[in-house]
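Colleague: This structure is in structure tokens; I'll ask about it shortly.
The values are calculated or read from the model by the stated rules, or taken from the named source; none is laboratory data. Only a predicted model underlies this, so the values are computations on that prediction, with no experimental measurement involved. Note that each Cβ is placed from the backbone with ideal geometry, even for glycine, and that neighbours are counted across all protein chains shown.
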Amino acid sequence: MTDTDANPTIPAVNRQGNATRTRLLKTAERLFATHGVDAVSVRAINAAAGLGPASVNYHFGTKDHLLAAVLLDLGAGVRDRIRANVGTLADREHAPTVDELVDAVTSPYRELLSRHRTRGLRWVNIVAQMSAQNHPALDAAEQDLRAILLHQVRRTFPDTDPNRLEQRWATALMVFLQALSRADEWNHRRGAVPSADDLDQFFDDQVIYLAGGLTRLLT
């Protein structure tokens, strides 16, 4: 029995199209993380995926649309988890502490890396690149999460100048992402393939650094 016979409600052509989209997504994710978003062309993605020269355009329309799909493939879960964490903080009468604020933002990244280490680090690398460039595709993927987060940051640091707060909060998060995106690189310098414990310790260090940096920057 073929797959089509087993599930006749889903046309074979649709399953083939979904498989091709997934192939393009994972190929683009690997190339974007390895070579940089700007350095990778649509032609290179099609070729690396072993597909025709019009494949990306057919399935995604543009490189930016493909990039947005790469972000959402793993990032939708991270975004939604952060949103839920921030919602919990918002429901409390008292303002969140710095540690609570940082945990709400960073713990979904830890959860992602514990489930998908290789792909998760690639995704973090891509997000770090785009954050540094303030790429519009990142805004589309995050929806209104930045504004929701910033409201809680203002509750934590009510006496800080709003303009200064927004800029330094964004800078602190960017530094966290940049460091996390190079986790394997830093650990490789010790002469061994980094283990899960190495990555976990590195993550803990970055969380501590982020919390301490925010306290110094915003108080």
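Colleague: Can you give me the ranges of the helices (runs of 4 or more DSSP H) entirely in segment 12-87 with at least 3 residues that are aliphatic (A, V, I, L, M)?
Modeller: 12-35, 42-48
A quick yes/no check of all residues on (1) of a type outside the set (Gly, Ala, Ser); (2) modelled with pLDDT of 95 or more:
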site: Asp99; (1), (2): yes, yes
site: Ser107; (1), (2): no, yes
site: Ala128; (1), (2): no, no
site: Pro136; (1), (2): yes, no
site: Glu142; (1), (2): yes, no
site: Leu145; (1), (2): yes, no
site: Ala183; (1), (2): no, no
site: Trp186; (1), (2): yes, no
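Colleague: Given the structure, is Asp80 touching a Phe, Trp or Tyr at 6+ places or on another chain (Cβ under 9 Å), of a type in the set (Asp, Glu) and free of Cβ contacts under 8 Å to residues at least 60 places away in the same chain? Outline the logic, then answer.
Modeller: Details: touching a Phe, Trp or Tyr at 6+ places or on another chain (Cβ under 9 Å): no; of a type in the set (Asp, Glu): yes; free of Cβ contacts under 8 Å to residues at least 60 places away in the same chain: yes.
No.
Colleague: Just to be sure, is Arg190 modelled with pLDDT under 85 and either part of a loop (DSSP other than H, G, I, E, B) or closer than 29 Å to Glu93 by Cα (or both)?
Modeller: yes
Colleague: Determine, yes or no, whether Arg81 is more than 21 Å from Phe202 (Cα to Cα) and assigned by TED's automatic domain parsing to the domain that holds Leu149.
Modeller: yes
Colleague: Which number in (1) under 14 Å from the mean Cα position of the chain (by Cα); (2) closer than 30 Å to Arg154 by Cβ marks the one condition that His116 misses?
Modeller: Condition not satisfied by His116: (2).
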